[in-house]
């Protein structure tokens, strides 16, 4: 009895000294989302973790003594029964708390080796550019190489299928453009993956408008020229895209549909190859991501006729919104990270928080801005909601435009 | 100090200990949910802000701590340091107020 009382008293003194510090730190951290975010990050440090373990042991010791004292005073049990009950209570508490602490071990130890981002398009497209930019910054944060693996084909389906079947250990993540996980399921009769079943959202990295371009030597000098010519010559205009079901395909189809044109879609293996074909005059126009198109525009190889946002894009001054010619037209593209289902939640949370942190870097913001992209960095829950909403929109467009691949 | 006050303190100490025992279990379950669910700061605050049940629970938790800790320390100060009298009561009272302020500040920060 004396030992239990002593343990109870000593641990109580230690906890009493700790409590004011704990309350003060919590009060500071909980004042706002940004502070809480940095507090959660701070609490992952080894020294803080070690002190948490010490508190767990103190709490367990204090409860052991406390339960023993209460039992002696209130319950007519035998001595050994009281001791057993007190020890069992403390053990249960300690195990529970240690479980909480150790559950973050995944996130703390990850990554221990290079992390692979599967990009479902060839190099040079908007998806690839975005993945490489954020991958570079995440590499600095994680202290591990981020490998970009381009797996193009089938409108992103080849890479998506490979990512869906990857080991869900956090070392293989999928970096798609929006349509790969929100539209392909309505387009392809046979798909090697199910976006909802096989992936869990991590974070939407960046989003931005697209731009309609024509070759520099094209007779179409303005959006008006293109639309008038297209209406006067049905079935004679060809537009390229990054693959059936890709973001650029849906953007092109959306434009053709809303501008009331009859144009033929030509699939390429990715946005990079599609834009190269446009430069070579194989097609008449391309509704591409700003990130992939801007280099060709600035280099004088392509002419920008219109942007898909409602207002001018600051990166392309003087290029009017397509909405000026096709009232109500608007389209945006996004690139984000999803993980194979089964990836530990702590890793998903870490990737999300680290990506969000990377996106706050002014240099990173500037780099994305130059590509016509704006940082997003939403939470896994927010991304899941946004994907669900977008999925509904594409479901209707795909049905209306009868875009199907058997 | 008379026997009646001693008895009241004894009862308060035991009662607050029982409440704290239950609160720790609920708090533990909450932590497991938050950590296992991988909730972000925004998601945690989204669940706690304006949640009256959450506010009531943690207010009770803080209240029980505010009672339990000073009463426990009171016994330690008397028995081990021989500190008795009004100065001890004042220090303990201030310590209790400080705990209540710190605890409720943290609770309010996530409720409002």
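Things worth noting here:
- The requirement of being within 27 Å of the chain's Cα centre (by Cα) and either within 14 Å of chain B (Cβ to nearest Cβ) or buried (at least 19 other Cβ atoms within 10 Å of the Cβ) (or both) is satisfied by residue A:386.
- Those residues of region A:117-141 which are touching a strand residue (DSSP E or B) at 6+ places or on another chain (Cβ under 8 Å), surrounded by fewer than 18 Cβ atoms within 10 Å (Cβ to Cβ) and at pLDDT 90 or above, in sequence order: A:132, A:136, A:139
- Residue within region B:52-65 that is farther than 25 Å from residue A:66 by Cβ, in contact with a helix residue (DSSP H, G or I) (Cβ under 8 Å, 6 or more places away or on another chain), surrounded by 15 or more Cβ atoms within 10 Å (Cβ to Cβ) and away from chain A (no Cβ under 11 Å) present: yes
- Here the condition is being farther than 20 Å from residue A:270 by Cβ and in contact with a helix residue (DSSP H, G or I) (Cβ under 9 Å, 6 or more places away or on another chain); of A:233, A:184, A:204, it holds for A:204 alone.
- Scanning region A:360-386 for residues that are free of Cβ contacts under 8 Å to residues at least 40 places away in the same chain and outside any helix (DSSP H, G or I) returns a single hit, A:360.
- Filtered residue count, region A:1-31, keeping only those that are out of contact with any helix residue (DSSP H, G or I) (no Cβ under 8 Å at 6 or more places or on another chain) and modelled with pLDDT under 80: 2
- Figure legend. Inter-residue proximity from region A:387-402: first residues touching a residue at least 12 places away in the same chain (Cβ under 8 Å), second residues surrounded by 14 or more Cβ atoms within 10 Å (Cβ to Cβ) and not in a helix (DSSP H, G or I), beta-carbon distance below 7 Å, spacing 6+ or different chains. Indicated pairs: A:387/A:201; A:394/A:183; A:398/A:183.
- Restricted to region A:171-180, and to residues there that are in contact with a strand residue (DSSP E or B) (Cβ under 7 Å, 6 or more places away or on another chain) and surrounded by 19 or more Cβ atoms within 10 Å (Cβ to Cβ), the residue that is nearest to residue A:289 (Cα to Cα) is A:177.
- In region A:320-350, the residues that are more than 10 Å from chain B (Cβ to nearest Cβ) and within 20 Å of residue A:168 (Cα to Cα): A:336, A:337, A:338, A:339, A:340, A:341, A:342, A:343
- Counting only strands (runs of 3 or more DSSP E) that fall entirely inside region A:181-272 and contain at least 2 residues that are buried (at least 20 other Cβ atoms within 10 Å of the Cβ) and at negative phi, the qualifying elements are A:199-215, A:237-241.
- Being in contact (Cβ under 8 Å) with a residue 60 or more places away in the chain, more than 19 Å from the chain's Cα centre (by Cα) and not in a loop (DSSP other than H, G, I, E, B) holds for only one residue in A:313, A:339, A:323, A:304, and it is A:304.
- Filter result (farther than 16 Å from residue A:126 by Cα and touching a strand residue (DSSP E or B) at 6+ places or on another chain (Cβ under 7 Å)) within region A:247-266: A:253, A:255, A:256, A:261, A:263, A:264, A:265, A:266
The values are calculated or read from the model by the stated rules, or taken from the named source; none is laboratory data. All of these numbers come straight from a predicted model, not from anything done at the bench. With ideal geometry, Cβ positions are generated from the backbone for all residues, glycine too; neighbour counts draw on all protein chains shown.
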